[in-house]
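Heads up: the structure comes next, in structure tokens.
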Amino acid sequence: MISSVRGTVLNVSGSHVHVDVGGLGYAVQITPQHALSLRVGNEVRLHTVLIVREDDMSLFGFATGAELEMFDLLRSVSGVGPKSALGVLATLTPDQIATAVAAEDDGPFRKVSGIGPKTAKLIVVSLAGKILAPVGVAPVAAPASSTAQNVVAALVGLGWNERVAVQAVDEVIEAATEDGALPVPALLRLALARLGPQQVRS
């Protein structure tokens, strides 16, 4: 695991930087904005994560630990790979992401290239409760109807048929002791539990 890289910038191109670390060159993928701030010959320290796949090994780097942490959280969302997560961070800061999630607003994510409406909604639903809202920003509690719609959209994004998803959410809300006044993460967990691992996604 390569958790950080510090060395001399050898070359910067687009969204890649090559860093010389004791005579060993590392090719690191970064955001275009970060690339613009680097200069050949200067020293740089990057917080990194190595993504290993069957046919590829890629090193992703970030200026701060907060960006790396957000990158890992984004990758935990179904349908969001490393490049899509990097694309989100190229468009939004960690604070902007946290604010959007706290407000249950998928609009900012829809503006990211490669992120569709379903994935944008899924990011908001999946990261709810995992990210603290920035100081001074209070989480917005969505009404039950909006909450149900968000959960249905998340289930559809995960592969379930919309009719099946709506039925599962309705059943969970009817069984809720608080008349359906459940936050999105709790309602999503209960709906997934009701659908079960053997549920046919069609």
Across the stretch 80-103, the tally of residues that are among the hydroxyl-bearing types (Ser, Thr, Tyr), part of a helix (DSSP H, G or I) and either within 15 Å of residue 131 (Cα to Cα) or in the same structural domain as residue 27 (by TED's automatic domain parsing) (or both) stands at 1
Residue that is surrounded by 12 or more Cβ atoms within 10 Å (Cβ to Cβ), outside the structural domain of residue 117 (by TED's automatic domain parsing) and among the aliphatic types (A, V, I, L, M), where the choices are 40, 9, 77
9
Would you check which residues across the stretch 109-128 are assigned to a helix (DSSP H, G or I) and not aromatic (Phe, Trp, Tyr) and list them?
110, 117, 118, 119, 120, 121, 122, 123, 124, 125, 126, 127
Candidates 17, 28, 49, 101, filtered to the one that is modelled with pLDDT of 95 or more and touching a Pro at 6+ places or on another chain (Cβ under 9 Å):
49
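The values are calculated or read from the model by the stated rules, or taken from the named source; none is laboratory data. On a predicted model such as this, the values are computed, not experimentally measured, just so you know. Don't worry about glycine lacking a Cβ; one is built from the backbone with ideal geometry, like all the others, and counts go over all protein chains shown.
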